[in-house]
Amino acid sequence: MMPWQLAKAKRPPKGQSRRPILEQLPAVSTTELRISSLYRGKKPIIKPLKIPNIEGVAVSLTHVEFHFQSLHRGQQGRTETFRLKPIKTGFGTFRYAFHCNTCATPVVRLYYYNNTLLCRWCCNGRYVSRAINQNQRPTLQRMRVQTFIDNKPKLYHRTREHLLKRFGEKALMPQGRMGTKARSLWD
């Protein structure tokens with residue numbers, strides 16, 4: 001028999017801890033596939049995708065086919081086809097979105113989960129910022145700002161000025177638990 005205190009305790013839902021974190025899943029977005037270059041008559045520059053078990057990608061203006069590795073020798077692997085939806089962004093330019101095969105929602109990014117490509121709603125994923133508490137969010141924000149600056153070295157000074165103007169010097173400093181002053185990102 002369970003004590004009454006334990007029966008009334010607030011616990012997270014059973015499936016919450018099993019939900020995947022989206023930033024940790026391999027993903028493919030429409031911007032990586034360079035679909036807009038096809039519209040202009042150029043060949044797409046397809047980088048090797050960082051998704052396991054995908055051998056190749058066939059891109060056209062109406063759909064994208066992802067070819068998975070075969071499980072047995074001498075057999076072809078399965079193929080997943082996603083329709084593309086052009087989204088008008090203004091000034092005659094288009095952005096493209098995938099139509100998810102399970103829920104038919106237009107999304108820009110597909111995640112590789114359970115050996116298939118799904119949108120974030122179908123894989124029931126959550127972002128890191130929703131998985132951590134409010135005390136850890138400044139540390140997450142600092143890490144994201146630092147990775148943004150590390151990935152774009154040409155924009156370093158303008159980006160630094162913009163971030164200082166928006167967040168202030170204190171927001172860009174690493175935060176300690178006991179109020180200790182740590183070294184700033186910019187030194």
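Rule-based calculations on the coordinates, nothing more; no lab input. The model shown is predicted, which means the values in this text are computed figures rather than measured ones. A quick note on method: Cβ atoms are made from the backbone with ideal geometry, for glycine too, and the neighbour counts reach across all protein chains shown.
A few notes on this one:
- Theoretical gain in end-to-end length, residue 69 to residue 161 [0.36 nm per residue, Cα-Cα removed]: 28.4 nm
- Net +/- balance of residues flanking residue 95 in space, Cβ distance below 11 Å, scoring K and R +1, D and E -1: +2
- As a proxy for reagent exposure, 148, 91 were ordered by neighbouring Cβ count within 10 angstrom, fewest first; the result is 91, 148.
- In this label model, residue 103 and residue 32 are separated by 2.0 nm, measuring between points 7 Å along each Cα→Cβ vector.
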